[in-house]
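Some notes on the structure that comes next.
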Amino acid sequence: MESQLPSEKTVSSKASNEEENSPKTPETYRKIISTLPREYGWKAHGDLCLYQNFWCFSYLIEGSMFAQDHYNAQPTDIFLCSVPKSGTTWLKALTFSIVTRTQFDNSTTPLLFQGPHNCLPLLEIDFYRKGMKPEPGTLPLVASHLPYSSLPKSVIDSGCKIVYVCREPKDAFVSAWHFTRKLPHGVEEPMSLEEAFELFCNGVSDFGPYWDHVLGFWKASLERPEKILFLKYEELMKKTVFYVKRTAEFMGYPFSLEEEKEGKIQSIVEFCSFEKLSNLEINKTGKYSEDIPVENKTLFRKGKVGDWKNYLTPEMAERLDGITKQQLGEFGLSFDAS
Ligand code: A3P
C-alpha cells in the first residue's frame with residue numbers, strides 16, 4: 001500500500017541503488033537515512049522515515065541496515081516477527097518460556113527479573129548497539145519488526161523458522177495510539193486520536209503500512225507453512241493452550257505427553273497471562289534500557305480484544321474495516337475483534 005499522505009516535511013530519497021546495495025559503515029547508514037522521506041506525525045521517537053517502502057523510526061533503521069548487511073542467520077534460529085502493538089510482548093514471553101522450560105520453572109525464570117523484551121535480542125537494536133552475536137548453543141530466539149521483504153537475506157536462505165503474530169487493525173491502531181502517548185514527548189503535545197488515525201489509514205505508522213506488513217508474512221506463510229507460523233492475537237486469546245502447544249511443536253520444542261499431563265502448558269499460559277506479567281515488579285517499574293526510555297509498564301495496557309469500540313466512531317471503524325477488506329480480503333485474510 002502506497003502512503004497517500006502529502007507532507008511538507010517529505011523529501012525525496014537521494015540514496016542511489018548502489019548505496020542501497022553495498023555493505024555500509026555507520027556513516028553511510030546515517031547518510032542514507034538523512035535522505036529518506038520523513039514524517040513527524042506520530043511524535044514518538046523522532047521522525048518516521050520511509051525505508052524500503054515501510055515507515056520506521058530512524059534509530060531503528062541504522063540497526064536494520066546493519067542486520068541486513070551482516071546478520072548471518074542459522075537454520076536453528078527462530079524469528080519472532082510482528083508489527084509493534086500486535087502481541088509481541090506476549091509472544092516473546094510465551095516462546096521464551098517454551099524453549100527454556102527444561103532450565104527454568106515459574107519460580108526461577110528470568111522473566112521474573114527482566115521484561116520479556118530484555119530476555120531475547122531484537123534484530124534491529126541488539127546486534128548493532130550491544131554487539132550481541134548469535135553463538136551456537138545460545139537461545140535460538142530473535143525478535144524483529146522488519147517486514148518479511150526486508151528481513152536479512154540469510155533469514156530466508158537459512159530456512160530458519162518464523163513465528164508471526166498480528167492483530168486486528170482497529171485494535172492494533174488503538175493500542176499504538178495509547179502507547180505513543182505514553183512515550184516521553186518533551187514539550188510536544190501527544191497527537192490526537194484523529195490525527196493518528198489519518199496517518200495510520202494512509203499507511204504511515206511504525207513499520208507500516210500495517211496491511212503490507214501483515215500481507216507479506218501471510219503470503220509467505222501460505223508459500224512456506226513449514227517455516228512460517230502465522231498467529232492472530234485474537235485467536236491466541238481465545239485458544240491460548242491450543243496455540244501454545246502448536247507453537248511449541250512448530251518451533252521444534254513439542255511438549256511430551258508427560259508434560260501435558262503435568263499441566264506444563266497451562267502453567268506457561270498462566271505465567272505469561274496479561275494479569276500475571278503486568279503485575280510483576282519488573283514490568284511495573286523497569287524499562288527497556290538506559291538509552292531507549294520505554295517503560296515496561298507501557299507494554300501492558302488492557303490486553304483485551306475489541307477495545308477499539310471504546311475509541312473509534314462507527315465511521316472510523318467502517319473506514320479501517322474497508323481498508324482491511326480491500327487490502328487483505330482477496331488473499332483470504334480477515335480478522336474478528338467484535
Ligand atoms: P493493548 O494496548 O490493547 O492493551 P506489543 O507487545 O506488540 O507491543 O503489543 C502490546 C499489546 O499487547 C497491548 O495491547 C498490551 O496490553 C498487550 N499485551 C501485553 N502483554 C500481554 C499478554 N501477556 N497477554 C495479552 N496481551 C498482552
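Every number here is computed from the coordinates shown, using simple stated rules; none is lab data. This structure is a prediction, so every number in the text was calculated from the model and none was measured. Reconstructed Cβ throughout: ideal geometry from the backbone, glycine too, with neighbour counts over all protein chains shown.
Numbers below:
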quantity: Most mobile of GLY263, GLY87, GLY216 in a GNM of the chain (Cα contacts under 10 Å); calculated: GLY263
quantity: Cα centroid separation, the range 56-82 to the range 190-218 (Å); calculated: 21 Å
quantity: Within the range 14-331: Cβ-based charge dipole about Cα centre, in debye rounded to nearest 20 (Lys, Arg +1; Asp, Glu -1); calculated: 480 debye
quantity: Order of LYS245, LYS227, LYS170 under a 10 Å beta carbon neighbour criterion, fewest first; calculated: LYS227, LYS245, LYS170
quantity: Shape of the range 14-331, Cα gyration tensor, a/c cut at 1.5; calculated: rounded
quantity: Selected from LEU60, LEU222, LEU123 as most flexible by GNM, with the chain as the system and alpha-carbon contacts under 10 Å; calculated: LEU222
quantity: For the chain, calculated [θ]222 nm from helices alone, where every DSSP H run of n ≥ 4 adds -39500 (n - 2.57); calculated: -12000 deg cm²/dmol
quantity: Exposed-site-free run, longest, the chain (rule: GluC sites (Glu not before Pro); DSSP loop; at most 11 other C-beta within 10 Å); calculated: 9-187
quantity: LYS309 versus ARG129: modelled label distance in nm, points set 7 Å from Cα along the beta carbon direction; calculated: 3.9 nm
quantity: Within the chain, percent of DSSP bridges classed antiparallel, to nearest 5; calculated: 30 percent
quantity: Whichever lysines have a C-alpha closer than 16 Å to that of LYS31, once near sequence neighbours (fewer than 8 apart) are set aside; calculated: LYS14
quantity: Packing-based exposure ordering (other Cβ within 10 Å, fewest first) of ILE33, ILE78; calculated: ILE33, ILE78
quantity: Across LYS130/LYS170; LYS85/LYS284; LYS92/LYS302, pairs whose alpha-carbon gap is larger than 26 Å; calculated: LYS130/LYS170
quantity: Förster-model FRET efficiency, 56 Å R0, THR285 and GLU330, C-beta, rounded to 0.05; calculated: 0.75
quantity: Long-range HN-HN contacts of PHE57 with modeled amide H, under 5 Å; calculated: CYS49, PHE207
quantity: Fewest-first sequence of SER267, SER64, SER338 by Cβ atoms within 10 Å of each Cβ; calculated: SER338, SER267, SER64
quantity: Of LYS85, LYS239, LYS264, the one that fluctuates the most in a GNM where the chain has Cα springs shorter than 10 Å; calculated: LYS239
quantity: Calculated FRET value between LYS238 and PHE113, using beta carbons and R₀ = 25 Å, to 0.05; calculated: 0.25
